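The values are calculated or read from the model by the stated rules, or taken from the named source; none is laboratory data. The structure presented is a predicted model; accordingly, all values stated were derived computationally and were not measured. Ideal geometry is used to build each Cβ from the backbone, glycine not excepted, and the neighbour counts take in all protein chains shown.
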Amino acid sequence: MEIINSANIGKKTSFIDLVKNDQIKIEIPIIQRDYAQGRDSEEDIRNQFIETIFSHLKNRTNLHLDFIYGDVKEDNGNQKKLIPLDGQQRLTTLFLLHWYFAKKDGFFSSFQEIMNREDKAQFNYETRISSRLFCKALLTEKLEYSEDVSISDVIRNKNWFFYSWEKDPTIKSMLAMLDTIQILDKNRENDEKLYPILVEVEEPILSFQFIELENFGLTESLYIKMNARGKALTVFENFKAKVEQVLLERSGKTKNKLYRTFSNHIDKEWTDFFWKYRDAKSNLFDNQFMNITTAILCNSIASRDNTDVPDIRYLQDNKNPINYYILRNRKCFEKDGLKDLIEVIELLQEKGKQKKYLSNKLIINEDELIEKGVKNSFTYAERLQFYSFYEYIRFNGKIDGIEEWMRVVRNLTENSNYDEAGEFYPSILMLKDMLEHSSSVNDYLETEPDITTFAKVQITEEILKAKLISKGIEWNEAIKSIENHPYFKGQISFLLDYSGIQEFYNNDHSLSWSAEEDKNYLKVFLEYSQKAKFIFESNGIRETDDYLIERALLTIGNYTLSKRSNFSFLINGFDREISWKRLLRNSSNKRDYFKEFLDLLNVNKDLEVQLNHIIDSSNVSDWRKYLVKVPEMMKACGTRKFFRFVDKNNILLLRKSQTNGEHREYYTYSLFIKLQKMKVECSYHSDNSVEENKFIDSINKKDYKVFWDVSSEGDGQYEIYFENDEIFIAGTQQEVLDYLNDNKII
């Protein structure tokens, strides 16, 4: 059978015809790029291509896959070998498609006979050794198909699959394509076996025009044919076309309101709205549109009963481009998904411009919230706030009461911890239930409802504050003023505790106090609120030179919080386990230390002067002494202010979060700092191992080593080792200094 006809336009053929009847082996050469249709970025194209194939197989209509051309040579065994110049991607997909259905439909032995001739694979990749071995393994190794497990996992779990193959981009893409074929195969309306249809050669469903390059020649017409396929639709254009098709199918000839809104607005008002978020270089807003679309649909499926958590997790955490097929395969368009999407985007904009609802940005900043959605940078709390905001308007049909609702939502979401989707989505369901009471949320909270999924301490706080707000405008203003502090964001339980209100509420939930008591409670609450504002800035505790706040607070008690084996003097920002907010939330003696600290402050006086006075007048004599008196000690604890406290004799100052990072021993390092301040030339040996000693290793250029003996009984001791192996033992830092002075070492 000739490959090229006399007209030099090639031969219409199929994958199986080329390999079986023409007996041509397909070999992807080293110079070709890796298989790309399985990449994450190609999912839109991949899904569309496989769906189109399935549609033609179902309807028995021919799908012509355009031109495939390359060079045909003979290998060492005189077998014809096709080295494709164009068509590599389609040929690989066709190979995987035939392989999958041969395996699934029970025709794998027949497929093997075609694809393994004289023990040589008839489809092969030469781009990498791993790619070649993988293709051969697919055709020779045993593998049982299972509908309950992804085909890629079945392959990965075989003993012939090497872990290193995961790094081969061609293999990775092939596995992704096989998964796509399997997923879309499950979505077919019937389970008709497709392999017999695929291998039909008389009237092949899937065909292409094969042109042998040597016979055709590199003429201008070839380049015209190369470019005849045109430019692919963008992600946005594909999404628009597919969703419009779905809406039309659902609405039928009536073309209901949902269909009309989508089709009329997506190219006008919606495009105008997203245009300002477009990419400056490409002038495309595909990713921006898909990001906020994904956020809305993620919330939509999370608000359903019996939600599939992995789907939520994927949509929330995936930073790769999201497209129509990803959303569809995760059932985002089922139930009310499209209705939710269209109605929320309609609420985002009006005539192509952002529609704003709130005047008070201290509670929720709509601009920032939409910006986060467009950039795919929502936290779980912000995702909940976005949902609550627009669902309130959808549910109530108005914005009256929305500020109060969003105040409560902000307080609950910002002060509850969400580490993953399994913790996030129950709160969506809780907020959905609360929508019924959203327009009068404070009245609802006063009834002490059974609210769950949020932090229990914050739920209790919101109920208590609702009862206080109902007492009048002064309480209303006092609570909201301190709540809206950008660091607290609604978490003010420590102030309710410090002012005695929490204790009263624990004994009497109705807060039935007298008018005089009300006046006094409000006065104390306002005083502590002012002191809190005095100490805290927008991102946390006020920054002071030499850790003045931390050291002053340490004079009162050990307020530090633990993280695993370490303790911290607390930080602002990223680590909630060792944050100031955790201290203020923690109803223990550690929070009481902070109350004692605030009681010492006067908001009308200079803060640093007051802090220095607290430190200077302190008579702390236990292990805290040097941390209080010597600022360099706390500086040695690194950005997270970590130290390791085994007992009072065994304390390490950590530069990093683990002891395999640089660290110093507490007592010898305090002596080292003291000697430096006395202008004594000395050096300190730190270490990265907790097992190794940390010590002063020279004094005035002499080999005097000072250790702290943590193994000794009692209060520990200093040990000075001299060049002649003499040892001096001292119980206190002052004894060491006296000895060094008396012996003229310093």
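Screening the candidates Lys701, Lys674 for the property of being exposed (fewer than 15 other Cβ atoms within 10 Å of the Cβ) and among the basic types (Lys, Arg) yields one hit, Lys701. Scanning segment 652-663 finds no residues that are assigned to a helix (DSSP H, G or I), within 18 Å of Pro631 (Cβ to Cβ), of a type in the set (A, V, I, L, M) and in contact with a strand residue (DSSP E or B) (Cβ under 9 Å, 6 or more places away or on another chain). If you take just the helices (runs of 4 or more DSSP H) that sit entirely in segment 143-213, which of them hold at least 1 residues that are of a type in the set (Asp, Glu) and either within 21 Å of Phe123 (Cβ to Cβ) or in contact with a helix residue (DSSP H, G or I) (Cβ under 8 Å, 6 or more places away or on another chain) (or both)? It comes to 169-186. Take Glu723 and tell me if it is of a type in the set (Asp, Glu), over 23 Å from Asn566 (Cα atoms) and assigned to a strand (DSSP E or B). No; evaluated as a whole, the condition is false for this residue. Is it the case that Glu681 is over 21 Å from Tyr547 (Cβ atoms) and either β-branched (Val, Ile, Thr) or in contact with a Lys or Arg (Cβ under 7 Å, 6 or more places away or on another chain) (or both)? Spelling it out, Glu681 is indeed over 21 Å from Tyr547 (Cβ atoms) and either β-branched (Val, Ile, Thr) or in contact with a Lys or Arg (Cβ under 7 Å, 6 or more places away or on another chain) (or both). Being at pLDDT below 90, more than 30 Å from Leu347 (Cα to Cα), among the charged types (D, E, K, R) and surrounded by 11 or more Cβ atoms within 10 Å (Cβ to Cβ) holds for only one residue in Glu214, Glu220, Glu202, and it is Glu214. Scanning segment 140-152 finds no residues that are within 20 Å of Phe15 (Cα to Cα) and crowded, with 17+ Cβ neighbours inside 10 Å.
Counting the residues of segment 383-425 that are farther than 19 Å from Phe454 by Cβ and outside any helix (DSSP H, G or I) gives 5. Is it true that Asp308 is closer than 19 Å to Ile428 by Cβ, out of contact with any Leu (no Cβ under 9 Å at 6 or more places or on another chain) and in contact (Cβ under 8 Å) with a residue 24 or more places away in the chain? So Asp308 does not fit the description; no.
Take the conditions (1) over 23 Å from Ser439 (Cβ atoms); (2) touching a residue at least 24 places away in the same chain (Cβ under 8 Å); Lys372 misses just one of them, which is (2).
Results for (1) part of a loop (DSSP other than H, G, I, E, B); (2) over 15 Å from Lys465 (Cα atoms); (3) touching a Gly at 6+ places or on another chain (Cβ under 7 Å), shown as yes or no for each residue.
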site: Tyr505; (1), (2), (3): no, no, no
site: Ser512; (1), (2), (3): yes, no, no
site: Glu517; (1), (2), (3): no, yes, no
site: Asn520; (1), (2), (3): no, yes, no
site: Phe525; (1), (2), (3): no, no, no
site: Gln530; (1), (2), (3): no, yes, no
site: Lys533; (1), (2), (3): no, yes, no
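The residues in segment 664-706 that are in a strand (DSSP E or B) and in contact with a strand residue (DSSP E or B) (Cβ under 9 Å, 6 or more places away or on another chain) can be counted, and the count is 14.
Only one residue in Glu632, Glu665 is farther than 17 Å from Gly716 by Cα and either among the acidic types (Asp, Glu) or free of Cβ contacts under 8 Å to residues at least 12 places away in the same chain (or both), so which one is that? On inspection, the qualifying residue turns out to be Glu632. I'd like to check something: does segment 103-116 contain any residue that is assigned to a strand (DSSP E or B) and surrounded by fewer than 19 Cβ atoms within 10 Å (Cβ to Cβ)? Yes, that holds for at least one residue.
Residues that are in a strand (DSSP E or B) and either crowded, with 16+ Cβ neighbours inside 10 Å or under 53 Å from the mean Cα position of the chain (by Cα) (or both) within segment 726-737 comprise Phe728, Ala730, listed in sequence order. The set of residues in segment 567-592 being crowded, with 19+ Cβ neighbours inside 10 Å and among the aromatic types (Phe, Trp, Tyr) consists of Phe567, Phe569, Trp580. Among residues belonging to segment 298-342 that are touching an Asp or Glu at 6+ places or on another chain (Cβ under 7 Å) and closer than 19 Å to Glu420 by Cα, point out the one that is modelled with the lowest pLDDT. Only one residue fits best here, namely Asn320. Between Glu147, Glu141, the distinction of being assigned by TED's automatic domain parsing to the domain that holds Met177, over 32 Å from the mean Cα position of the chain (by Cα) and not aliphatic (A, V, I, L, M) belongs to Glu141 only. Restrict the check to segment 417-438 and report whether at least one residue is on the phi > 0 side of the Ramachandran plot and either at pLDDT 95 or above or surrounded by 22 or more Cβ atoms within 10 Å (Cβ to Cβ) (or both). No, segment 417-438 contains no residue that is on the phi > 0 side of the Ramachandran plot and either at pLDDT 95 or above or surrounded by 22 or more Cβ atoms within 10 Å (Cβ to Cβ) (or both). The set of residues from segment 592-617 being touching a Lys or Arg at 6+ places or on another chain (Cβ under 8 Å) and within 16 Å of Ser529 (Cβ to Cβ) comprises Leu598, Leu601, Val603.
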